[in-house]
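Read the structure below first, then the notes.
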Amino acid sequence: MNVIPRDPRTVGREPDYRFTLANERTFLAWVRTSLALTAAGLGSIGLLDFAGSDLLGYSLLTLSVATAATSYSRWAANERAMRLGQSLPASRLPQLMATGTMTVALIATVLLIVNER
């Protein structure tokens, strides 16, 4: 099974360049988000000194990997759909980010409460 989709630019017709550029900007925003999560995760592990900071850091790093891994597939699927004149496919990435961010926030809140005592 091929995890990385084939280059979608090999199918269909070239869409309006504005849509292609918008799709690319969205992809780059997901990549920037992933980089920020990586920095926060590494910072949590390397700089914070309280019980559970490693758990917080690894949670952020896991969310970063999931975001980076999913962002290319999303870009490729959108690009392919635009080139074939199809509706854009549904994506689980926003749900993943919302759930992941909520989980990390809950972990951080619990750790702060526990370590304040």
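Expected output is a single nm value to one decimal: the length gained when fully extending between residue 48 and residue 24, i.e. 0.36 nm times separation in residues minus the C-alpha distance. What is it?
Stretched out fully, the residue 48 to residue 24 stretch lengthens by 5.2 nm.
Any idea what the dipole of the stretch 16-116 comes to, in debye rounded to 20, about its Cα centre with Lys/Arg Cβ at +1 and Asp/Glu Cβ at -1?
Result for the stretch 16-116 is approximately 540 debye, rounded to the nearest 20.
What number comes out for the charge environment of residue 97, summing +1 per Lys or Arg and -1 per Asp or Glu over other residues with Cβ under 14 Å away?
+3
In the stretch 16-116, how does Rg compare with the Kirkwood Rh, expressed as the Rg/Rh ratio over alpha carbon atoms?
Dividing the radius of gyration by the Kirkwood radius yields 1.12.
What does the highest-first list of 37-50, 67-80 look like by mean Cβ count within 10 Å?
Highest-to-lowest ranking by the protection proxy: 67-80, 37-50.
Per DSSP H run of at least 4 residues, take -39500 (n - 2.57); add these up for the chain, divide by its residues and hand me the 222 nm value, nearest 500 deg cm²/dmol.
-27000 deg cm²/dmol
Values quoted throughout were computed directly from the atomic coordinates according to the rules given, and no laboratory measurement underlies them. Values in this document were obtained by computation on a predicted structure and should not be read as measured data. Positions of Cβ are backbone-derived with ideal geometry, glycine not excepted, and every protein chain shown enters the neighbour counts.
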